[in-house]
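Okay, so here's the structure we're looking at.
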Amino acid sequence: MVLKVPGRESKKRSDDKLIEEFTSTGDLEVLGELYSGYMHLVYGVCLKYLKDRDESKDAVMQIFEKLIIEIPKHKIENFRSWLHVVTKNYCLMLLRSQKSGNEKYREWAIDPSNFMENSNDLHPIDKDEEDMDKALADCIERLKDEQKECIRQFYYENRCYSEIAKNLGMDEKKVKSHLQNGKRNLKLCLEAKK
């Protein structure tokens, strides 16, 4: 069951128009208008990975500058999802580029609970490979109902824990648990299909 969010279609249409206008004109005010609606999300993702407010604020500005170059190069279907990936990749590259002795990077890379919570890039559900789509869809269908619904809302509808908890009438801790168990079960299912 997919829930319709009022105004989401009109938001997407306005994003598409702004992307098209920026791509054709290069007008930074148009890009600023598009980006301003997502700055809080970019900041949140940066804070999750970088764990530093000032570094995250700097990253928000750096990502804006990156968009000037990146938007014209890509055909963007869903700006919010695309921007989330760009932001995540920027943060990961920033962490990797810092000195190997950097304590933040070691904490992020070594702590398994933090790693599972914050880094989905190593999980098969985040890989964008066409041959995996059918196997992934089959594995998702095999999940328990709660895990299936949490996975769908988190990954396919880009909802946060609190939104999913509200939609499903459950505690946020339950949502996190269903997501972690669902991801683990998906990984096992996909490995069995190899």
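Listed values, structure above:
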| item | result |
| --- | --- |
| Derived scalar couplings ³J(HN,Hα) [segment 86-96; Karplus, 6.51 cos²θ - 1.76 cosθ + 1.60; whole Hz; x for Gly, Pro] | 4, 5, 4, 5, 4, 5, 5, 5, 5, 5, 5 |
| Where N is the number of residues in segment 124-193, Cα Rg divided by 2.2 N^0.38 Å | 1.07 |
| Most positive-pole-ward Cα, G44, V60, S24, against dipole of segment 9-100 from beta carbon charges | G44 |
| Size of charge dipole - segment 124-193 - debye, nearest 20, with Cβ of Lys, Arg +1 and Asp, Glu -1, no other charges | 400 |
| Residues with amide H under 5 Å from that of R159, placed H, sequence gap 5 or more | F154 |
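None of the figures in this text is laboratory data; all of them are computed from the coordinates on show. What you see is a predicted model; the values in this text were computed from it and never measured. Counting neighbours? That spans all protein chains shown, and the Cβs are built from the backbone with ideal geometry, glycine included.
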